[in-house]
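Here is the structure we will look at.
Laboratory data are not the source of any read-out in this text; all were calculated from the coordinates shown. Please read all numbers here as calculations on a predicted model, not as lab measurements. When we count neighbours, we look across all protein chains shown, and the Cβ atoms used for this are built from the backbone with ideal geometry, even at glycine.
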Amino acid sequence: MLDPAAGALCATLRETLQVRVRELGLDPDEQIRFLDQGNYSAELRPREPLVGVYFGGAVRSCESETVLHDLLDRFAFVLPVVDTTEGYSGKVPDRLRPLNGVSLDPADPKLAGIAGRLLEELRLVRRRRVAFVSYRRSESRGVGTQIFHALEDRHFRVFLDTVSVQYGRPFQEALWNRMLDTDVLVFLHTKGALDSQWVEREFARASQLGLGILNVIWPGHAPAPAATIGEQFYLDATDFSPGVAPENGFAELKSDVLRRLAVAAEALRARAMADRRRRVVDTFCRRVDAFVRRTGVSALNVVIHPAGHLIVRRGQRPDVRVYPVIGHPDTTHAHEIADACSALQEKGFLVFDSNGIDEATAAHLRWLNEHLPVSSFSTTEVDEWLPRL
């Protein structure tokens, strides 16, 4: 981790990364190391995943630029961070100018967005960001549209019913399938939101799937008991743009409030993904234990690797690696795991929770299993998968 003398910013980023890594079920003292120009060369280890952050500005140090060039020569990911992208080329070295830098966001004092991007590059969370906005059109259409654009600006793929379902497609089928692959549900909790059967079903579905739920509660409205799960984000009447009452479906939030809401969704994402990953891992391990008890196969056990994947030990036979997937697997997952397992000369598989997958997606996964070197199976198929190892 490059730490080029940016003082408080580096300390904040380090603290946030430690929190996020801990939420992923890892030990930040064991699983992540922070390097600066003082200890970079001495503690750098070969083949270790490496990312860097360059805090740009008018003043640069020779030491930090030496580390930067070494990182780039190693083809490591480096994220340029500046106070504002205005005059960007004058704030970073020549080799960073082609990169899309990120500006500091006053609404994100803990640098959650930057930390999330680094975790993606370290493959501790998936790169694909998916959010789902659940709302009652007649009460919160304006805010729903604002959140759609605010999260898209943060590189989320956002599901909003008015823009995300193609004409002619079965609406409910598209909605359920998209929710399965979602990280965060942003629930606009207006007075009558849960009176809508569709909104109520969306909220229940998100809870069932274990999604991160950001419960955005309208002014003067106490959340219904059924909707108190998740993280609460209370709104005040002064959070809305003047001239339109919050009760009006076309009311909009002030820009600073909207940014804070988007940051809250981003911070919730890592925790939600960690929870979903644990659900997959726990279910897999329980089913393996049950299989061992039922069959009496003693030379079979599962070890949870600190990096998050599973190692299935089979006595004298080669180990097998199993990688839990959030949502449903795709070719990107298969490609990454095939590369990793090829280097280790071990077999690799993907395991996922099939809850909510429609038949078209299930058929696609079966087809992928027939044509790709890495196959996937659901947690409900563990008993069928184990004897085939």
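Taking chymotrypsin sites (Phe, Trp or Tyr not before Pro) across the stretch 236-332, the ones in a DSSP loop with at most 14 further Cβ atoms lying within 10 angstrom of their Cβ are 250. Taking a straight line from the alpha carbon of residue 91, these aspartates and glutamates sit under 13 Å away, with near neighbours fewer than eight places off in the same chain left out: 65, 83. Per-residue 3J(HN,Hα) values for the stretch 101-113, derived from phi via the Karplus relation 6.51 cos²θ - 1.76 cosθ + 1.60 with θ = phi - 60°, read x, 10, 9, 5, 10, x, 7, 10, x, 8, 6, 5, x Hz in sequence order (x marks Gly and Pro).
Between 322, 55, 115, the Cα set farthest toward the positive side of the dipole of the chain (charges on each charged residue's Cβ, about the Cα centre) is that of 322. The 3J(HN,Hα) values that the Karplus relation (6.51, -1.76, 1.60; θ = phi - 60°) gives for the stretch 18-30 are, in residue order, 4, 5, 5, 5, 5, 5, 7, x, 10, 8, x, 6, 9 Hz. Gly and Pro appear as x. Look at the dipole of the chain built from charges on Cβ: of 297, 249, 219, the Cα furthest out on the positive end belongs to 297. All other residues whose Cβ lies under 15 angstrom from that of residue 242 are scored, Lys and Arg at +1 and Asp and Glu at -1, for a net of -4. Against the empirical curve 2.2 N^0.38 Å, the C-alpha radius of gyration of the stretch 297-388 lands at a ratio of 1.07.
Along the stretch 311-316 the Karplus relation, 6.51 cos²θ - 1.76 cosθ + 1.60 evaluated at θ = phi - 60°, assigns HN-Hα couplings of 10, 8, 8, 10, x, 7 Hz to successive residues, with x for each Gly and Pro. Distances between placed amide hydrogens fall under 5 Å for residue 158 paired with 131, all partners being 5 or more residues away or on another chain. For residue 369, the shell of other residues with beta-carbons less than 14 Å away shows a net charge of -1, using +1 for Lys and Arg and -1 for Asp and Glu. Where [x] 0.96; [y] 1.08; [z] 1.01 are the candidate values, the label of the one calculated here for Cα Rg over 2.2 N^0.38 Å is [y]. Each of 176, 367, 385 was scored by other Cβ atoms within 10 Å of its Cβ. Listed from fewest to most, they are 367, 176, 385.
Spatial offset of the stretch 235-268 relative to the stretch 77-101 amounts to 31 Å, using the alpha carbon center of each.
For residue 54, the amide hydrogen comes within under 5 Å of the amide hydrogens of 79, 81, counting only partners 5 or more places away or on other chains and with H modelled in the peptide plane. Between residue 234 and 217, the built amide H atoms are under 5 Å apart, and every one of these is 5 or more places off in sequence or on another chain. Say we join alpha carbon atoms closer than 10 Å with springs in a Gaussian network model of the chain; which of 302, 186, 130 then has the biggest fluctuation? Residue with maximal mean-square fluctuation among 302, 186, 130: 302. For residue 254, a cut-off of 28 angstrom between C-alpha atoms picks up these lysines, skipping any fewer than 8 places away in its own chain: 110, 191. One Cα centroid belongs to the stretch 302-365, the other to the stretch 193-231; the line between them spans 32 Å. GNM on the chain, alpha-carbon springs under 10 angstrom: the most fluctuating residue among 293, 127, 205 is 293. Neighbour counts of other Cβ atoms within 10 Å put 207, 140 in the fewest-to-most order 207, 140. Considering only 285, 341, 62, give the residue with the highest GNM mean-square fluctuation for the chain, with springs between Cα atoms whenever their separation is below 10 Å. Looking only at 285, 341, 62, the biggest GNM fluctuation is shown by 62.
About its Cα centre, the stretch 185-241 has a charge dipole of approximately 160 debye under the convention of +1 per Lys or Arg Cβ and -1 per Asp or Glu Cβ, with nothing else charged.
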